[in-house]
Amino acid sequence: MKQQTAATDIEVAIFFTFEGGNLIYKNEYKQLPMPQCKEHFAQGFANANVPTIFELVAMAQEMGVKFIGCQMTMNVMGLEKDAFVDGMEVGGAVTSLEFAKDADATLTFKRVYYFFNQKYTIGGK
C-alpha cells in the first residue's frame, strides 16, 4: 500500500519497530521467509508477479517513501544505522508522532501473538 500512496504524491513515512525492522534490515529483507503456515503463498506470489520485499523496498525508496528506524529498537537489539537499508532515518516515537500529527490520515498495524494459549496484542487493543 505504501507504493500506491506514494504514487499519488502523498507524503509517506513508515516507522519501523522491532520485528517490522526486518523489512529494512540488510541481512534479512532479501531473504525473509514466508510466515509459518503461509508457505503456499510463495508460489501464488510468483505466479502473480508480485514483487519481493527487496523489490518493494527499492520501489518505495524510488518513490520517496521515508523510512524511519526506531532508535530504541536499535539500542535494544544492538544495531547501528548502517545495518539497515541506505537512506533510512533514525528516530524515536516522538519522531513518528511529529510526522503523524499533521497528517490527513495515518495507518497503523497490530499483531496478535499467542503464547501458552494467552492472547497478546501488539500495537492496539
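Couple of notes before you dig in:
- Of all the criteria given as (1) modelled with pLDDT of 85 or more; (2) within 22 Å of Thr106 (Cβ to Cβ); (3) small (Gly, Ala, Ser), the one not satisfied by Ala6 is (1).
- Within the range 14-114, helices (runs of 4 or more DSSP H) holding 2 or more residues that are touching a Lys or Arg at 6+ places or on another chain (Cβ under 7 Å): 53-62
- Among the candidates Tyr25, Tyr29, the residue that is under 30 Å from Asp102 (Cβ atoms), touching a Leu at 6+ places or on another chain (Cβ under 7 Å) and among the hydroxyl-bearing types (Ser, Thr, Tyr) is uniquely Tyr29.
- Long-range neighbours under 8 Å by Cβ, at least six apart or interchain, first residue aromatic (Phe, Trp, Tyr) within the range 76-93, second modelled with pLDDT of 90 or more: Phe84/Phe67; Phe84/Gly69
- If you go through the range 15-57 and keep only what is under 12 Å from the mean Cα position of the chain (by Cα) and over 25 Å from Asn75 (Cβ atoms), you end up with Phe54, Leu56.
- Here the condition is being exposed (fewer than 13 other Cβ atoms within 10 Å of the Cβ) and not aromatic (Phe, Trp, Tyr); of Met63, Met59, Met34, it holds for Met34 alone.
- Leading residue by the ranking (modelled with the highest pLDDT) among those in the range 74-125 that are farther than 21 Å from Leu23 by Cβ and basic (Lys, Arg): Lys101
The values are calculated or read from the model by the stated rules, or taken from the named source; none is laboratory data. In this text, all values refer to a predicted model and were calculated from it rather than measured experimentally. In this analysis, Cβ positions are derived from the backbone assuming ideal geometry, glycine residues included, and neighbour counts consider all displayed protein chains.
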